[in-house]
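Q: Have a look at this one.
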Amino acid sequence: MKVTFTLLIFLFAALTLNAENGHDLWLRAKHTATVNIVCSGKSPTLTIAKQELRQGWQGKANATFVLKKKHNKLIKGDGYRLSSGRIEANTDLGILYGVYDLLRRQQTGEAITEQVENPSYERRILDHWDNLDGTIERGYAGRSIFWHGKDSLAVTEKDKKLWQEYARADASIGINGAVLDNVNASPLVLTTEYLKRVQAIAEVLRPYGIKTYLSVNFASPSVIGGLKTSDPLDPQVKEWWKNKAKEIYKLIPDFGGFLVKANSEGQPGPQNFGRTHADGANTIADAVKPYGGIVMWRAFVYSANDEDRAKQAYNEFMPLDGKFHDNVIIQVKNGPIDFQPREPFSPLFGAMKKTPVMPELQVTQEYLGQAIHLVFLAPMWEEFLKSDTYQEGKGSTVARCTDGSISQQKHTAIAGVANIGLDTNWCGHPFAQANWYAFGRLAWNNQLSSDQIADEWLKLTFKPTPAEDKTKSTVLPIVWNINFLKPVKRMMLESREAAVNYMMPLGLHHLFSANEHYGPGPWWAPKGVRKDWTPPYFHKADTLGIGFDRTEKGSNAVSQYHEPLRSLFNNVNTCPEIYLLWFHHLPWDYQTKGGLTLWDDLCYHYQGGLDQVRSFQKTWDKAKPYVDKERFSMVQKKLRKQCVNAQVWKDACLLYFQQFSRMPIPYNIERPVHNLKDLIENDMKRIR
Ligand code: BDP
């Protein structure tokens, strides 16, 4: 009996050993050939570079490859020059990045021509919204990899192993910074016991070129420092920040700096003391300046007043342009509201001319199906980065307004809110890993296309067929099965538009129920909740029509955009239809470009989104022969749920809006399968 039991355990262990759990991300062990590395330098980073090259080499067997630190004017920051036999860089980290690029090219079959690769942004940062108790705000992949609560501040070997794997994954795609705690920051993170843990994390991240940053609570001087005030102009407060910075830099000499959410959603800030955002940012920035640190000051601010929420950040920050010290960067979310499935770019991009501005993207899919829906975000970020602000004439894209190509900037940066947790596969959904990957790749090169990123990720993440021949000394050329690659890539590239279609097409936004931001709740407006947190504030549906009037006749948010955008958005005939109901309140029978009524067009979009998800299910089922069974079935299950959800979204929105439009759902569209009353009641139950 005992023997059989042991045997069973053994068999189980043997089976699970080979089970694909997704933990290896896009960094999979592969068959390699030997390579002779010539590298005279020595450093922890170079040791990693050599080891990676040895472990991952897919070129000719016994080839010689040179890694060389050499000053080259064409190479910027941690950029590098790559050729078939050599990587040159100004820094050790540049060499490591070159190695990862080379290995990626070898594995995906991309050409290795002689080229210089420079990063678009100096700082490429993941913001972890991790709380010190181990929970993660808007995290959908388990608890924090950094924090486990006050009673487990001691650093374990397990912690360190995971941090190292995390650092390696980040470095392999060019990420060079991590904010370790939530923007809704606990003052405790600045106490010595927590800083010690930050130090330990920084030590593991350092050889991979990743700097640590912290989100800080503006009231820290009074809350943990015992001061009477946190007024940024108070000499004692200034002194407190200086001493705190000194303490941090002693522990972490390469500490990156602070991220601050101030006077936003109830967080304390300089306005509590009658001071401006600039006063607040400058005091903290001065404290880290002697050590080369920066302050990323968030522009995500809005109050519950009568002003259109979409206008408030611009109104508050534009008058402060030029008043920030030179190590402050204003961190602005891609859109003027809040990481919606689709928003036009925030008008602050390009408009602040004397202050550097950095984009904040959200990798975690708070508003895009969380870790359940398959939504590849690169197309959304590409759309954003390529948006023309016209601030300095045609071609002033958001990318160029933020990466220093339009105006000289001392610092450039981009941040992404991470989707990483303790789940074995890091991100919850196997395809959510692609969003982490895409963020890193775009931060490195903001001109990359979504197509290329999806292509790379698929090739690195799933095994090629046919299998490699392990008996040969040279690695066989990899042949990608087009029956897998093409349709799955197409699914990824369509997935964001699909989500827009079944959630909030034609410029609709923020139709989510409650604070979960997952399911639909166009009706959701409980008593006592701030108006600008409820969907009716955003869709403004009534019997006359639907949409938020942001034209000159409405909130005039259009005026915050540079011409010709201002006029383009203001005029319903020229406003791009993807932003139609973002900028206009229109009658239900308004004729859209395709000659449909607005109501019919909405119906077709919702149905279209649902149909797209169904087609993704088919695509994925057909991919079965090419994918390991674990990830295959996980994605299959999640797609089923996504499909059920898309149906709920369609039914909820159409049945709710139909009460106002009083028009029939076109007869060639599937009938709803839910009742509005049930949807609303279930929604309310779930919230309670
Ligand atoms: C919203 C999130 C909230 C964040 C906030 C922020 O719902 O949890 O704290 O943004 O970015 O998207 O500060």
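Q: Yes or no: Ile337 of a type outside the set (Lys, Arg) and part of a strand (DSSP E or B)?
A: So Ile337 fails the test.
Q: Within segment 338-347, can one find any residue that is among the aromatic types (Phe, Trp, Tyr) and at positive phi?
A: yes
Q: Quick test of your reading of the structure: His429 fulfils all but one of (1) over 18 Å from Phe349 (Cβ atoms); (2) within 16 Å of the ligand (Cβ to nearest atom); (3) open to solvent by less than 10 Å² (accessible area, probe 1.4 Å). Name the failing condition by number.
A: His429 satisfies every listed condition except (2).
Q: Additional query: When only residues in segment 262-280 that are in contact (Cβ under 8 Å) with a residue 40 or more places away in the chain and open to solvent by less than 10 Å² (accessible area, probe 1.4 Å) count, which is nearest to the ligand (Cβ to nearest atom)?
A: Ala262
Q: Within the group Gly139, Gly109, Gly41, Gly77, which residue is within 16 Å of the ligand (Cβ to nearest atom) and small (Gly, Ala, Ser)?
A: One residue alone meets the criteria, Gly139.
Q: Still on this structure, please answer the following. Only one of these is assigned by TED's automatic domain parsing to the domain that holds Ser450, within 13 Å of the ligand (Cβ to nearest atom) and among the aliphatic types (A, V, I, L, M): Leu320, Leu368, Leu377. Name it.
A: Leu368
Q: Check segment 96-110 and report whether any residue there is assigned to a loop (DSSP other than H, G, I, E, B), closer than 22 Å to Asn36 by Cα and out of contact with any Asp or Glu (no Cβ under 8 Å at 6 or more places or on another chain).
A: Yes; the residues of segment 96-110 include at least one that is assigned to a loop (DSSP other than H, G, I, E, B), closer than 22 Å to Asn36 by Cα and out of contact with any Asp or Glu (no Cβ under 8 Å at 6 or more places or on another chain).
Q: Restricting attention to segment 16-57, and to residues there that are basic (Lys, Arg) and outside any loop (DSSP other than H, G, I, E, B), which single residue is farthest from Gln107 (Cα to Cα)?
A: Lys50
Q: Name every residue in segment 555-568 that is open to solvent by 10 Å² or more (accessible area, probe 1.4 Å) and either in contact with a His (Cβ under 6 Å, 6 or more places away or on another chain) or under 18 Å from His509 (Cα atoms) (or both), in order of residue number.
A: Those that are open to solvent by 10 Å² or more (accessible area, probe 1.4 Å) and either in contact with a His (Cβ under 6 Å, 6 or more places away or on another chain) or under 18 Å from His509 (Cα atoms) (or both): Ser555, Asn556.
Q: Which of the numbered conditions does Pro526 fail, given that it passes all the others? Conditions: (1) closer than 29 Å to Asn334 by Cα; (2) modelled with pLDDT of 95 or more.
A: (2)
Q: For Asp127, are the conditions met, namely being open to solvent by 40 Å² or more (accessible area, probe 1.4 Å) and either within 16 Å of the ligand (Cβ to nearest atom) or closer than 20 Å to Leu368 by Cα (or both)?
A: The answer is no for Asp127.
Q: While we're here: If you go through segment 385-418, how many residues are touching a His at 6+ places or on another chain (Cβ under 8 Å) and open to solvent by 20 Å² or more (accessible area, probe 1.4 Å)?
A: So the answer is 2.
Q: Six or more apart or on different chains, Cβ under 9 Å: which pairs go from a residue in segment 513-526 that's under 15 Å from Thr364 (Cα atoms) and in the same structural domain as Tyr537 (by TED's automatic domain parsing) to one that's part of a loop (DSSP other than H, G, I, E, B) and more than 13 Å from the ligand (Cβ to nearest atom)? Could you list them?
A: Tyr518/Gly369; Tyr518/Ile372
Q: When you go through (1) open to solvent by 10 Å² or more (accessible area, probe 1.4 Å); (2) touching a Ser or Thr at 6+ places or on another chain (Cβ under 9 Å); (3) more than 16 Å from the ligand (Cβ to nearest atom) one by one for Phe300, which number turns out not to apply?
A: The number of the failed condition is (3).
The values are calculated or read from the model by the stated rules, or taken from the named source; none is laboratory data. Every value quoted in this text rests on a predicted model; they were computed, and no experiment measured them. Counting neighbours? That spans all protein chains shown, and the Cβs are built from the backbone with ideal geometry, glycine included. When the accessible area is computed, the model is the full protein with side chains, heavy atoms only, and any ligands, DNA or RNA have been set aside. Shrake-Rupley method; radii C 1.70, N 1.55, O 1.52, S 1.80 Å.
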